[in-house]
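The values are calculated or read from the model by the stated rules, or taken from the named source; none is laboratory data. As the structure is a prediction and not an experimental result, all values here were calculated from the model. Cβ sites come from the backbone with ideal geometry, for glycine too, and all protein chains shown count toward neighbours. In case anyone asks, the SASA skips ligands and DNA or RNA and just uses the protein heavy atoms, side chains included. Shrake-Rupley method; radii C 1.70, N 1.55, O 1.52, S 1.80 Å.
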2 protein chains.
Amino acid sequence: MEALSEKIFLKLDMPNDQNRRGDRDKIFDALKEKYGQVIMPYKILKELYPKCREANFEITVTLARRDYDWVVTKIECGDTTHNHYGLCVDLGSTTVIMRLVDLNTGNIITEECIFNKEIKFGEDILNRIFYTRNSKEKLYEVHKAAIDTFLELLDIIEKKTNVKGEDISIMTVAGNTTMIHFLLNIDPWTIFQTPYTPVFNQPGFINAEEIGIPISGYVYCFPSVANYFGGDIVSGLLYTEIYDSDEISAFIDIGTNGELVIGNKDFLVAVAGAAGPALEGGISKFGMRAKKGAIDTIKIINNEIKYTTIENGKPLGICGSGIVDLLSEMFLNGWVDFSGELKENASKHIIKVDNELAVEYASKDESKNQESLIFTQSDINQFLKTKSAAYTMVAFLLGEVGLTLDDLDRFYAAGAFGTHLNLESAVTIGMYPDLDRNKFNCPGNTSLEGAYKLLTNRNLLSKVDNIASKINYIGLENAKDFLEKMRGASFLPHTDIDNYPSVKANLIKRGLL
Amino acid sequence: MEALSEKIFLKLDMPNDQNRRGDRDKIFDALKEKYGQVIMPYKILKELYPKCREANFEITVTLARRDYDWVVTKIECGDTTHNHYGLCVDLGSTTVIMRLVDLNTGNIITEECIFNKEIKFGEDILNRIFYTRNSKEKLYEVHKAAIDTFLELLDIIEKKTNVKGEDISIMTVAGNTTMIHFLLNIDPWTIFQTPYTPVFNQPGFINAEEIGIPISGYVYCFPSVANYFGGDIVSGLLYTEIYDSDEISAFIDIGTNGELVIGNKDFLVAVAGAAGPALEGGISKFGMRAKKGAIDTIKIINNEIKYTTIENGKPLGICGSGIVDLLSEMFLNGWVDFSGELKENASKHIIKVDNELAVEYASKDESKNQESLIFTQSDINQFLKTKSAAYTMVAFLLGEVGLTLDDLDRFYAAGAFGTHLNLESAVTIGMYPDLDRNKFNCPGNTSLEGAYKLLTNRNLLSKVDNIASKINYIGLENAKDFLEKMRGASFLPHTDIDNYPSVKANLIKRGLL
């Protein structure tokens, strides 16, 4: 373990006639040999006496690693090295996940997830930004909501594990550019205004106390690359290690925004754009987030819709992975055509609602107090835009570096959406490219995993900087034919079916082609 | 000029489509090339927006140098590089001298001196230490008095020069071990208790804000070597450069304490001890500090005492340099013998007061409202201890390294006492050794000058550490025959007159030998 902080037990001579070094200097001498550049803040200096002498100079020093030095964050009496903790955080605009890690072993002690308290200022990040516009007080409110989210998580963790903030010496945070601005009480207005330049990409190590987080050390926020390309993605790249690989990988994370990176150890190119609310339940009356009662998988068997719900709850709506399944199954069963149009007579589940075709994927059942749940043609059309954006980003970025799909050795579908998605369905509707399935990898919450990886391996600090500076970020506004390409990709699976040989074979097998 | 802080004017691109680096990161890129390891504290990060953009990214960055990195202490709009100041301070237990320096040129703008406000807790440092014993509140009172002294000096300087604290980015402070402990609100109790170990030798760079000094950067305190060997002497050594010389030098500073260093580029040995109040007016009813009205030089011409006073004030008493002159002149005129005994009939100025012989160095004169000023035999005996301690320290330390007086190439008599002293008188009474007069050097307030030197040349930072770690400090408690040697040196000029050939020749010439 070479974690981002260290605890070291020192057994030093008590002051005596042979050794009259000052307390501070004796500790420094002992640390410098192992740690090199060390700083002892004034706050710690003030606490040395009489603490060290009362402890008979058997003390434990906690040091937090920064870019090029170590900071003494705590001095305790006796040997407390067993008591050494860190936190890693995925700071999402919707949910915040905090993981408590034993920094002696790397063991995960607990992981907690709550909603980001900033939501009360707007579910959409843009609403929060507009809320804080031109007001330091309102900016502080949103900032405080972020901090309060952290405080609640720390509280939950302390109640569960008995580990207190003062025993935590370091925290790594991965979040998008705006979320980190809010966390640090810095106005994110410029991120969304041309020319979309944040106040900072890399904020450096920040004393937790200065932003009101009650741990005894430092907060490290992953650097962003651009307005829509935040530290959460840099963290994800750190986790996947595509920047160190000979293989050419694509890394895609589709959530509120969509980010895509293609590259290997020699190059990294990236695009990003707002994916819109399609995947978070915003497009349909019955669309919803992936929580209890959301339909997350769908199969059509013998012309009947079979579904599962999250935590087996009563069906309340459909989440992203359910939508992808629904579209894919309808396409493979001839309920929608190549352009995504519902076929009126293909199934009894295709009904007319307010003069618009829709599929009723869950029927009304008064005995179960079950409402009718539908997905309309408009919903489908809206979703097709998202799926074609995902595909087009890949095609565009490959084109920018002169590669084709065949050159991709690996395809990482990161994030919650990537994790819960049925891969076959995503390929069937043309959201992901039709690659050898062995090339796909769904690594889960890479933002959190990257933050964990850095927390437990300080040697990666310079890697993070390398990744951030190596990425060649291409603003989508420079992609002149992007919209045109998107239209081509809005067919199921694509205008050019030969791009999708496995889907083509399946359609032929099913007699649909 | 390579001062301890720098101001640099940057003219950077405004955010644009070609350059979307964050404000912080753009500034960092510009700084890193020249400055290497740079830290921008959170406080500065928070101020970047909208400041930089409003300034059209024409900004001036102030950086303070620390041991191995630079800290951004200020960002201003436009080019303010002309406005760049630092302070150096001699923090004495009696007086505090502060010098304002233009860090672009090294020019001294003003120098102010006031009494240390700690005096109200005791003229003697020991009284202050006992006052604060076991009480954080009382420790804070004395600390606050030190800070208030700095505040008053800053106030005087601002009124005189219009330079504000916020325009000052760095301050160097040289003071003895106890004074620096008080300045930093750290209990100095251990310095005076066996085994005499301070809480710290080197406190490192401290954010001025943290100790309540309203400048916008850092405070650097010179490190101490031991309880009685403080940063003021380390600063003095830095000034004289004896640590870099081939020549073997002695450096002596006699004030409240006496400190002596002997060495060259290959070695530095040191002793120190309490010199006692002899030189600060504490030994005689009419002894006084070197201020207006103090008799500072004395000559005996035709058996009459001629004196001068500081600022030509009405004579109020006698200060250290006056005492040395008085003793020397009395000795050369046969008023005292070799053992320092007053000769009752040698002069009409030798009188009996309360059954004790005394010299009346200023006569009562009612027309001038002038009191009779006397120096008694007890006063002389007391002073002889001080002068013999000074001599014995030199002899002892030379002996420790196997050298003799002949090996000394240079003799620095530092401090206010050394500066105002008549060298011939000091040699005549045997306080200083009888060296070739060309070897003597009275460099003045070396504590202040060393602080100034570092302030204006950051490359000396590592020199300071080298000096402090190179010094071999010998506690006088280890000098077993010290008291015996002191007795030998309490004669005028010394038991062994052959140690003082020039004095011997003079005495022969005057028919006293």
Filter pass, A:VAL101 being more than 9 Å from every other protein chain (Cβ to nearest Cβ) and more than 28 Å from the chain's Cα centre (by Cα): no
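Among the residues of segment A:471-484, count how many are assigned to a helix (DSSP H, G or I) and surrounded by 16 or more Cβ atoms within 10 Å (Cβ to Cβ). Reasoning before the result, please.
First, pick out the residues of segment A:471-484 that are assigned to a helix (DSSP H, G or I): A:476-478, A:482-484.
From the residues that got through so far, the ones that are surrounded by 16 or more Cβ atoms within 10 Å (Cβ to Cβ) too are A:476, A:482.
Here the count works out to 2.
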Can you name the residue in segment B:228-251 that is in a strand (DSSP E or B) and at pLDDT 95 or above and, of all such residues, is farthest from B:GLY92 (Cα to Cα)? B:SER249
Quick check on this structure: which one of A:LYS306, A:LYS343 is farther than 20 Å from A:HIS494 by Cβ and in the same structural domain as A:LYS504 (by TED's automatic domain parsing)? A:LYS306
Looking only at segment A:274-303, which residues are modelled with pLDDT of 95 or more and charged (D, E, K, R)? A:LYS299
Total residues in segment A:169-200, condition under 26 Å from A:TYR473 (Cβ atoms) and under 17 Å from the mean Cα position of the chain (by Cα): 12
The conditions are (1) open to solvent by 60 Å² or more (accessible area, probe 1.4 Å); (2) in contact (Cβ under 8 Å) with a residue 12 or more places away in the chain, and B:GLU366 fails exactly one of them. Which is it? (2)
All conditions in (1) of a type in the set (Ser, Thr, Tyr); (2) free of Cβ contacts under 8 Å to residues at least 60 places away in the same chain; (3) within 30 Å of B:SER447 (Cβ to Cβ) are true of B:THR62 except (2)
Conditions (1) assigned to a loop (DSSP other than H, G, I, E, B); (2) touching a helix residue (DSSP H, G or I) at 6+ places or on another chain (Cβ under 9 Å); (3) at negative phi -> A:GLY106 fails only (3)
Quick check on this structure: which one of A:GLU111, A:GLU118, A:GLU141 is in contact with a Phe, Trp or Tyr (Cβ under 9 Å, 6 or more places away or on another chain), open to solvent by 30 Å² or more (accessible area, probe 1.4 Å) and either at pLDDT 95 or above or part of a strand (DSSP E or B) (or both)? A:GLU141
The one condition B:ASN56 fails out of (1) within 10 Å of another protein chain (Cβ to nearest Cβ); (2) out of contact with any strand residue (DSSP E or B) (no Cβ under 8 Å at 6 or more places or on another chain); (3) at pLDDT 95 or above is (1)
I need the full set of residues from segment B:13-40 which are closer than 26 Å to A:ASN185 by Cα, open to solvent by 40 Å² or more (accessible area, probe 1.4 Å) and in a loop (DSSP other than H, G, I, E, B), in order please. B:ASP13, B:MET14, B:ASP17, B:ARG20, B:ARG21, B:GLN37
Going through segment A:42-61 one residue at a time, which ones are closer than 30 Å to A:ASP465 by Cα and either aliphatic (A, V, I, L, M) or out of contact with any helix residue (DSSP H, G or I) (no Cβ under 9 Å at 6 or more places or on another chain) (or both)? A:ILE44, A:VAL61
Among (1) within 17 Å of the chain's Cα centre (by Cα); (2) farther than 30 Å from A:PHE205 by Cα, where does A:GLY444 come up short? (2)
Restricting attention to segment B:195-216, which residues are part of a loop (DSSP other than H, G, I, E, B), at the interface with another protein chain (Cβ under 9 Å from one of its Cβ atoms) and open to solvent by 10 Å² or more (accessible area, probe 1.4 Å)? B:PRO195, B:TYR196, B:GLN202
Condition first: outside any helix (DSSP H, G or I), touching a residue at least 24 places away in the same chain (Cβ under 8 Å) and more than 26 Å from B:ILE44 (Cα to Cα). Now tell me which residues in segment A:155-194 satisfy that. A:VAL163
Considering only residues of segment A:184-194 that are of a type outside the set (Val, Ile, Thr) and open to solvent by 10 Å² or more (accessible area, probe 1.4 Å), which is farthest from the other protein chains (Cβ to nearest Cβ)? A:PHE192
Across segment B:316-337, what is the number of residues that are more than 16 Å from B:ALA358 (Cα to Cα), modelled with pLDDT of 95 or more and surrounded by fewer than 20 Cβ atoms within 10 Å (Cβ to Cβ)? 0
Residue among A:VAL71, A:VAL96, A:VAL101, A:VAL89 that alone is open to solvent by less than 30 Å² (accessible area, probe 1.4 Å), without any contact (Cβ under 8 Å) to a residue 60 or more places away in the chain and under 25 Å from A:ALA451 (Cβ atoms): A:VAL96
Kindly evaluate B:VAL234 against the criterion of being touching a residue at least 40 places away in the same chain (Cβ under 8 Å), in contact with a strand residue (DSSP E or B) (Cβ under 9 Å, 6 or more places away or on another chain), facing another protein chain (nearest Cβ under 10 Å) and buried (at least 24 other Cβ atoms within 10 Å of the Cβ). no
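Conditions (1) assigned to a helix (DSSP H, G or I); (2) open to solvent by 70 Å² or more (accessible area, probe 1.4 Å), marked per residue:
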| residue | (1), (2) |
| --- | --- |
| A:LEU454 | yes, no |
| A:LEU460 | yes, no |
| A:ASP465 | yes, no |
| A:SER469 | yes, yes |
| A:PHE491 | no, yes |
| A:ASP498 | yes, yes |
| A:SER502 | yes, no |
| A:LEU507 | yes, no |
| A:LEU513 | no, yes |
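Could you list, in sequence order, the residues of segment A:1-52 that are of a type in the set (D, E, K, R) and facing chain B (nearest Cβ under 8 Å)? I'd like the intermediate steps shown before the answer.
Step one: list which residues in segment A:1-52 are of a type in the set (D, E, K, R), which gives A:2, A:6-7, A:11, A:13, A:17, A:20-21, A:23-26, A:29, A:32-34, A:43, A:46-47, A:51.
Matches in segment A:1-52: A:ASP17, A:ARG20, A:ARG21, A:ASP23, A:ARG24, A:ASP25, A:LYS43, A:LYS46.
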